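Have a look at the structure below, then the notes.
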Amino acid sequence: MDMGYSFGIIPSGFEWLAFILSAISLIGLVINGVLGGVIVLIWGERRLFGRFQNRTGPNRWGPYGILTPVADAIKTMFKEDILPKDADRLLYNLAPIMVVVPVLIVFSVIPFGLGSFVVDLNVGILFVLAITSISSLSVLTAGWSSGNRIAILSALRSVALLISYEIPMGLAVIGVIMLSGSLSLGSIVESQQIPYILVQPLGFFVFFLAAMAEMARAPFDLTEAESELAAGHLNDYSSMKFALFFLGEFMAELATAAIVTTLFLGGWKGPDFIPSEFWFGVKLVFVLFLIVWFRMTLPRLRVDQVLQFAWKGLFELTMINIITTAIFMYIWPEPGVKELLILAAINWPVAIISIWGVSKILGTKQYENLESLKNENAYPYSFKTLPSEFYHEKVEEGKIK
């Protein structure tokens, strides 16, 4: 059957070549767009850090410091590439690749605009959840292959975070799936008569926090806690391998913002007189601003607090969201705008009360008698007075001679 290829550049019979060339062009466009977005994100995040911390931010390389990410990349290229003596060479070199490649694959299923996507999978959400879990395993690979105890501790923390936050992240999108009736990201965008953040506030809250934990961003950056683990799993990496880890981190930030935009903010939807890609970009920048704001506001949590928050807080919130949405879908199997507004009016009080209740359960214990704590040690230890064998000289009347 003649599909018109005889009238084009590629003659009939070479449809496979046309498919390969178009696929390579589209993939190259997405990859270069993501890399360009990372450069802008690095600069923009540093400028925001400067504003949040009441300082200037990058302002040396280029106007307003816009060439600072380029200078960082060039500087990193010429640093010495070090391989630890006890490292597993294969896994050590594979770990940075395992960070970057899965994040790039995620962008292949995200609809950037009306008809602007690489592929529209009918199981897009499951694909995203599966691929994002691989990038977390790269931290485990990096820490284990380094042969460094600090890096291994960081890797173990990463496993704890992965197990704890993958479950609430997956459960948080069930409400979106029930409302849209599809696992395809494109279909989810098209089904949003109003943005799902209005009807799924608990789902957005849990998904956003779980995504921050999966990215190991503050206050969940336990894998790179400088006060305890130095650079964590990155402790022995240098040169371009070190740069690949940070490239993957910023790409994960872009991917997370794109997924949140798609699932909860209506994706590319907006007034028709402006291209749909523009609306997607505006919403994407807004979510990125929220991520940076969230990072700069809250201090780092302890390991036990992070795990407790996942299992005793977010997990229960997802259950409440699923039950509420299921009851609503049972009453209105095919909701319209009016029914969705009714669900929003129900879900927002439920979300506020639920989050308040969890905060009270997991919050810091309130001490009634603060006067009794003044003479207590901030960090108790096994004995309050040192045994005499610890002293080199005799102790008389509480003084060392």
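Every read-out reported here was derived from the displayed coordinates using simple, explicitly stated rules and does not represent laboratory data. Not measured: the values here are computed from a predicted model. A quick note on method: Cβ atoms are made from the backbone with ideal geometry, for glycine too, and the neighbour counts reach across all protein chains shown.
Of Leu301, Leu171, how do they rank once you tally other Cβ atoms within 10 Å and put the fewest first? Working shown, then result.
Values: Leu301 17, Leu171 20.
Sorted ascending by nearby Cβ count, the order is Leu301, Leu171.
Select from segment 27-122 those chymotrypsin sites (Phe, Trp or Tyr not before Pro) which occupy a DSSP coil region and have at most 13 other Cβ atoms within 10 Å, ordered by residue number.
Passing both the DSSP loop test and the Cβ count: Phe78.
Once you order the gyration tensor axes a ≥ b ≥ c over the Cα atoms, which shape class does segment 130-201 get: rounded for a/c under 1.5, otherwise prolate or oblate by comparing a/b with b/c? Show your work: numbers first, answer last.
Working: a/c = 4.42, a/b = 3.06, b/c = 1.44.
Taking the square roots of the gyration eigenvalues as a ≥ b ≥ c, segment 130-201 is prolate.
Can you classify segment 253-350 as rounded, prolate or oblate using the Cα gyration tensor, where a ≥ b ≥ c are the square roots of its eigenvalues, rounded means a/c under 1.5, and otherwise it's prolate if a/b beats b/c and oblate if not? Intermediate results must be reported in sequence, preceding the final value.
On the way: a/c = 2.78, a/b = 1.08, b/c = 2.58.
Oblate.
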Residue by residue through segment 240-246, what is 3J(HN,Hα) from phi via Karplus (6.51 cos²θ - 1.76 cosθ + 1.60, θ = phi - 60°)? Round to whole Hz and write x for glycine and proline. 6, 5, 4, 5, 5, 4, 6
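Tell me the mean residue ellipticity at 222 nm calculated for the chain from its helices only (DSSP H runs of n ≥ 4, each -39500 (n - 2.57), averaged over every residue, nearest 500). Don't jump to the answer; show the numbers that get you there.
Values: 15 runs with 247 residues, N = 401.
Value at 222 nm, helices only: -20500 deg cm²/dmol.
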Debye sum, Cα scatterers, the chain, no solvent: what log₁₀ I/I(0) at q = 0.12, 0.14 1/Å? -1.08, -1.33
